[in-house]
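First comes the structure, then the notes that go with it.
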Amino acid sequence: MSKIIIAIVMFLFLILIHEFGHFLLAKASGIKVNEFAIGMGPAIFKKQGEETLYSLRLIPIGGYCAMEGEDDESSDPRSYDRAPAKSKFLTILAGPVMNLLLAVIIFFVVALNTGVATKTIGGFSKDSPAKAAGVELGDEVVSLAGQEVTSFTDISTILNEYYKNRDKDEKIPLEVLSNNESKTYEISPMEENGSYYLGIESKLRKAGIGESIKLGFIETGKNIALIFVVLGRLFTGKIAFSALSGPVGVVKELGNQAQNGLMSLLYFLGYISVNLGVFNLLPIPALDGSKIVSALYEMITGKRVNKKFEEKITLVGFVLLLGLILVISIKDIINLF
């Protein structure tokens, strides 16, 4: 039960950071905020501020920063609809940006506490094909498939590129330096959801503050790139729909990571924060991305998108998105048992 509570709190924290980004920029831009809510459904706590109602709601799957005139017509001079296009753009953009900045901070903390990956093998995963082939702890990776490995993360990139147009049963040559002696092993990697693994873990070295800050940005960038790789594989059928997770699946995995230690939990939290930020930037109706596109259109052309058309598109997008979340959540709930 405790891991479920921790997971829910962590998930709501990511929502809080996202919505707080919208809230801060709305207030700074003079846009009226009617309600700032964490969670959905019936309110279990409410407090009326000078202008804004602050609420905590029963269902922990989202939240919102309800701005006057954001989704409907309003004659209020401080409504979102009457704000300058630049203010709209920055207010909506602030939510995803807050999630990405949070991810940078989290990955910085993880790097500072766990260290930096080296090319030296420090461990093996369960049923590791590399270990089965004869690779040993302390071996230093030199090359993979004839390509030089300059950092441990190169291994994943080379592996997945290598098997783009090859049979998954084909072996890949791994060159290592073992006790100052060069050795090459032919390995059949593991495959999971279209990605390939050798089953090796890096030996870590201590990182300073400056290097950890740099790694925070690098790790965030890598996770952003990974999202688009996964989306590409999803649309090309290389990853099954069943591999997707909704709020229920995320909370479950957060609970699992909590059992693996604080740094594992924090890393996964950073990963989810990146996903939340990037996903909301996609130009899909009902997500931040569609409103960003509308604001950009207004900034460039000086014309507003037809409000009634935008409302209809947003409603359709919201219904489809809600349906998708519902289907994925049902799948996640089934997988709990």
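The table below lists the values:
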| read-out | value |
| --- | --- |
| Carbon + sulfur, % of accessible area of the chain - ligands and nucleic acids excluded, 1.4 Å | 62 |
| Label point distance in nm, Val316-Ala225, each placed 7 Å from Cα along Cα→Cβ | 3.6 |
| Radius 14 Å from Cβ of Phe45, net charge of other residues (Lys, Arg +1; Asp, Glu -1) | +2 |
| Accessible surface, 1.4 Å probe, highest first, among residues Phe152, Phe309 | Phe309, Phe152 |
| Partners for Lys88 among lysines (Cα-Cα distance below 25 Å; same-chain residues under 8 apart left out) | Lys27, Lys32, Lys291, Lys303, Lys307, Lys308, Lys312 |
| Pairwise label distance in nanometres, Asn180 with Ile218, each label 7 Å out on the Cα-Cβ vector | 2.9 |
| Average accessible area per residue (Å²) across the stretch 1-90 - probe 1.4 Å, nucleic acids and ligands excluded | 53 |
| For the stretch 35-42, Karplus couplings with θ = phi - 60° (6.51, -1.76, 1.60), whole Hz, Gly/Pro x | 8, 10, 10, 10, x, 10, x, x |
| Probe 1.4 Å - accessible area at Tyr64, Å² to nearest ten | 70 |
| Trypsin sites (Lys or Arg not before Pro) within the stretch 167-200, DSSP loop, no more than 15 other Cβ atoms inside 10 Å | Lys168, Lys171 |
| Cβ charges +1 (Lys, Arg) and -1 (Asp, Glu), total dipole of the chain, debye | 620 |
| Dipole-positive endmost among Thr157, Thr114, Phe309 within the chain (Cβ charges, Cα centre) | Phe309 |
| The chain, helix-only ellipticity at 222 nm - DSSP H runs n ≥ 4, -39,500 (n - 2.57), divided by all residues, nearest 500 | -17500 deg cm²/dmol |
| Cα shape, the chain, gyration tensor, a/c 1.5 rule | prolate |
| FRET E, pair Lys126, Leu101, Förster distance 30 Å, beta-carbon r, rounded to 0.05 | 0.30 |
| Inverse of mean 1/r across different Cα pairs in the stretch 45-167, Kirkwood, Å | 20.5 |
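The values are calculated or read from the model by the stated rules, or taken from the named source; none is laboratory data. These numbers come from a predicted model, not from an experiment. So basically every Cβ, Gly included, is an ideal-geometry build from the backbone, and we count neighbours across all protein chains shown. Calculation scope for accessible area: heavy atoms of the full protein, side chains included, ligands and nucleic acids excluded. Shrake-Rupley method; radii C 1.70, N 1.55, O 1.52, S 1.80 Å.
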